[in-house]
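Report on the structure given below.
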Amino acid sequence: MTYSFACYGHENITAKHKTTLEFTKSNELSLKGDCIIGIKADFSIKEIKRFIESLGNNKKITITIETSDYNGVGYNNEDSNKIRNNANNNKIINHKNNNAAIERNKPEDNIAEKKIVERVNAEVNPGFNSGMEMVIRKSGFIDERTFAIKANKSACDLSRELIKNIGSNKQKIIVSLG
């Protein structure tokens, strides 16, 4: 089973925290929230608990964070879906450290979309119980806000291209758990 939710970037996203990263349902973000990489998250605690239960004894997960840069100025969902459905024109333009930027061309408009993807490997916390915040930690510290521990990346380890994009364009971010 996989589970996905959406959240959004914000101009105050700095992603400088060295041990955690976080998604929040809050609409606002101060510069003090240097671990937060997405606001207005629409995750469901009920669905996340179902996802955790579906893992059984396997607690290792991959958290995929992706966003698109549609000509560098954002895009609406209708345009995004049209481009995603045009899969014959995909070209990988950068791939390193499990990060891939994929350029998609929409021939009739000659418009490019660049997808930025980050993957974080971690161990899920079966006791996760926060309806407001989802924290992923490099350490083993657990509280009710901790969704995952022993992560291989924190906010400061994420691609600066991703962080710049979601901050400057307030981009929609898709987070997939699997």
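Among Glu118, Glu66, rank each residue by its count of other Cβ atoms within 10 Å, from fewest to most, as a rough exposure measure. Write down the numbers at each step before the final one.
Numbers: Glu118 24, Glu66 19.
Going from sparsest to densest Cβ surroundings: Glu66, Glu118.
The length gained on full extension between Ser139 and Ile174, counted as 0.36 nm times the residue separation minus their Cα-Cα distance, comes to 10.2 nm. Which entries in the list Lys16/Lys138; Lys18/Lys40; Lys25/Lys172; Lys60/Lys114; Lys60/Lys153 go over 19 Å, if you measure between the two C-alpha atoms of each? Result: Lys18/Lys40; Lys60/Lys114 exceed 19 Å.
Roughly speaking, what is the stretch gain from Asn12 to Asp157, that is 0.36 nm per residue apart minus the C-alpha to C-alpha distance, in nm to one decimal?
On the way: separation 145, 0.36 × 145 = 52.20 nm, distance 1.73 nm.
Computed gain between Asn12 and Asp157 is 50.5 nm.
Read the figures in this text as sums done on the coordinates, not as results from a lab. Nothing here was measured: the structure is a model prediction, and the numbers come from that model. Here Cβ is always computed from backbone atoms with ideal geometry, including for glycine, and neighbour counts include all displayed protein chains.
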